[in-house]
Amino acid sequence: MGFTEQRFNVNLSILFTELPLLERPAAAAAAGFTAVELWWPWIDSPTPEQSELDALKKAIEDAGVQLTGLNFYAGRLPGPDRGALSIPGEESDRFRANIDVAADFARSLGCRALNALYGNRVEGVDPAEQDALALENLTLAARAADRIGAILLIETLNKPESPLYPLVTAPAGVGIVDKVNEATGLGNAKFLMDLYHLSMNGEDLPSVIEQYASKTGHVQIADNPGRGAPGTGTLPLEELLDQLEKAGYEGYVGLEYKPGDKPSAEAFDWLPRQARAAR
């Protein structure tokens with residue numbers, strides 16, 4: 001099988017960032033891709049002006065690409081933050097204000113996957129208090145996702161790069177997925193399996209795939225070390241994606257890697273152009 005049998009999308013919050021936001025969908029299309037995903041693009045605003053939302057929607061539609069994944073508001077990302085939903089006070093309020101805005105934007109473009117980053121631990125705050133708040137907010141997010149026919153994704157990051165983030169193992173991420181599904185009864189919470197983050201945590205990737213493929217709603221990849229394109233590190237990404245497919249995973253594989261010291265358009269040599277359009 002290999003890479004040519006996968007269904008890829010490009011994360012426009014880490015690739016093509018040398019371009020203004022509104023030019024990135026067309027750049028992805030010019031590189032041969034038909035599907036894209038985004039972190040929440042307005043890091044300072046969970047509720048941007050409608051004109052900004054409309055402009056991004058038009059840019060995506062004009063480029064002829066499909067938005068297949070969108071993060072809820074997650075604070076300063078990239079930057080020091082790793083989500084907002086478990087942080088008491090203003091950040092939790094900002095996350096809640098964003099829920100319907102993000103869901104409605106996703107619905108307007110036919111996007112059916114919304115990612116909710118958990119948030120860092122806060123010094124002086126009881127982790128149990130943060131976890132209770134997180135479950136409350138994730139329940140709201142799952143219901144909003146269900147309203148538009150979408151899944152809610154919960155992501156594991158890695159401890160070396162995100163030392164304050166509590167979900168740094170696959171079992172921890174899946175455990176939250178199970179809690180949200182139990183709380184809502186909707187069953188639309190899924191695991192976001194990022195093979196780069198899991199490898200940085202030293203996890204046994206074939207075992208993770210074997211155990212959790214059935215609970216996985218989205219996959220993201222980058223090579224390790226370096227978080228670059230496939231082939232720049234040592235991860236057997238082709239084999240791992242083949243294993244995922246054999247285990248029944250049929251969703252998108254998000255390209256969430258750094259282009260290195262060259263333009264993003266030149267960071268896809270590992271993938272034949274004819275294999276870039278999502279099938």
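The values are calculated or read from the model by the stated rules, or taken from the named source; none is laboratory data. The model shown is predicted, which means the values in this text are computed figures rather than measured ones. Backbone-built Cβ (ideal geometry, glycine too); neighbour counts: all protein chains shown. Remember, those area values only see protein heavy atoms, side chains included, never the ligands or the DNA or RNA. Shrake-Rupley method; radii C 1.70, N 1.55, O 1.52, S 1.80 Å.
Please calculate how many Å² of accessible area region 1-117 carries per residue, with a 1.4 Å probe and no DNA, RNA or ligand atoms counted.
Values: 4440 Å² over 117 residues.
Each residue of region 1-117 exposes 38 Å² on average to a 1.4 Å probe.
Averaged over all directions, how much area does the convex hull of the C-alpha atoms of region 25-67 cover when projected, in nm²?
Projected area, direction-averaged: 3.0 nm².
Of the heavy-atom accessible surface of region 88-149 (probe 1.4 angstrom), what whole percent is carbon and sulfur?
Details: 1310 of 2680 Å².
C and S atoms contribute 49 percent here.
Apply the Karplus parameterisation 6.51 cos²θ - 1.76 cosθ + 1.60, with θ equal to phi minus 60°, to every residue of region 155-165 and state each ³J(HN,Hα) to the nearest whole Hz, in sequence, with x for glycine and proline.
For region 155-165, the Karplus-derived couplings read 10, 8, 9, 10, 5, x, 9, 9, x, 9, 8 Hz, x marking Gly and Pro.
Once each part is reduced to its C-alpha centroid, what is the distance from region 95-139 to region 223-277 in angstrom?
Their Cα centres are 27 Å away from one another.
Can you pull out the GluC sites (Glu not before Pro) in region 191-267 whose DSSP state is coil and whose Cβ has at most 14 other Cβ atoms within 10 Å? Don't skip to the answer; put the middle values down first.
Values: sites: 203, 210, 238, 239, 245, 250, 256, 266; in loops: 203, 250, 256.
Hits after loop and neighbour filter: 250.
For residue 222, enumerate residues with amide H under 5 Å from its amide H, sequence gap 5+ or separate chain, H modeled in the peptide plane.
So residue 222 has HN proximity to 195, 196.
In Å², and per residue, what accessible area does region 121-279 have when probed at 1.4 Å with the other protein chains present? Don't skip to the end; give the middle numbers.
Working: 6990 Å² over 159 residues.
I get 44 Å² per residue for this part.
Check residue 115: other-chain or 5+ apart residues with amide H under 5 Å from its amide H, H built from backbone geometry?
70, 71, 72, 153
I'd like the Karplus ³J(HN,Hα) series for region 65-77: coefficients 6.51, -1.76, 1.60, θ = phi - 60°, whole numbers in Hz, and an x wherever there's a Gly or Pro.
Values per residue, Gly and Pro as x: 10, 9, 7, 10, x, 9, 7, 5, 3, 9, x, 7, 9 Hz.
Show the residues, 5+ positions off or on another chain, whose built amide H is closer than 5 Å to the amide H of residue 253.
Those qualifying (amide H under 5 Å, at least 5 residues apart or on another chain) are 7, 8, 9.
How far apart, in nanometres, would the label points at residue 147 and residue 261 be if each is projected 7 angstrom from Cα along the Cα-to-Cβ direction?
Taking the simple label geometry, residue 147 and residue 261 are separated by 4.9 nm.
Would you calculate, for the chain, the mean residue ellipticity at 222 nm contributed by helices, counting each DSSP H stretch of 4 or more residues as -39,500 (n - 2.57) and dividing by all residues, to the nearest 500?
Details: 8 runs with 100 residues, N = 279.
When only DSSP H runs of four or more count, the value is -11000 deg cm²/dmol.
Rounded to the nearest 0.05, what FRET efficiency do residue 129 and residue 274 give with R0 = 41 Å and r taken as the Cβ-Cβ distance? Could you check?
Calculated value: 0.20.
Reported to two decimal places, what Rg/Rh ratio describes the chain when computed on Cα atoms with Rh from the Kirkwood expression? All intermediate terms of the calculation are to be shown ahead of the outcome.
Values: Rg = 17.5 Å, Rh = 18.7 Å.
Radius of gyration over Kirkwood radius for the chain works out to 0.94.
Spelling out what I want: for every residue of region 193-201, take phi, set θ = phi - 60°, compute 6.51 cos²θ - 1.76 cosθ + 1.60 (Karplus), and round to whole Hz; glycine and proline get x.
8, 9, 5, 5, 4, 5, 5, 5, 7
Would you mind calculating the gained length between residue 239 and residue 5 on full extension (0.36 nm times residue separation, minus the Cα-Cα distance), in nm to one decimal?
Values: separation 234, 0.36 × 234 = 84.24 nm, distance 1.18 nm.
Length difference between fully extended and current span is 83.1 nm.
Name the helices (complete DSSP H segments) of the chain with a Cα length along the long axis of 18 Å or more and a Kyte-Doolittle mean of at least -1.0, or state none. Don't skip to the end; give the middle numbers.
Values: long enough: 50-63 (20 Å, -0.61); 90-108 (28 Å, -0.77); 127-147 (30 Å, -0.21); 170-184 (21 Å, 0.33).
Sorted by number, the helices that extend far enough and score high enough are 50-63, 90-108, 127-147, 170-184.
Region 42-171: D in µm²/s via Stokes-Einstein (Kirkwood Rh, Cα pairs, 4 °C, 1.567 mPa s)?
Numbers: Rh = 15.2 Å.
Translational diffusion coefficient: 85 µm²/s.
Sorting check: for 117-125, 66-74, 154-162, which peptide has the highest mean count of neighbouring beta carbons within 10 Å, and how do the rest follow?
Numbers: 117-125: 17.8, 66-74: 25.1, 154-162: 20.6.
Most protected by this proxy first, the peptides run 66-74, 154-162, 117-125.
Bin by bin, in steps of 10 Å, what percent of the Cα pairs in region 218-267 do you find, going until the bin that has the longest distance?
26, 49, 22, 3
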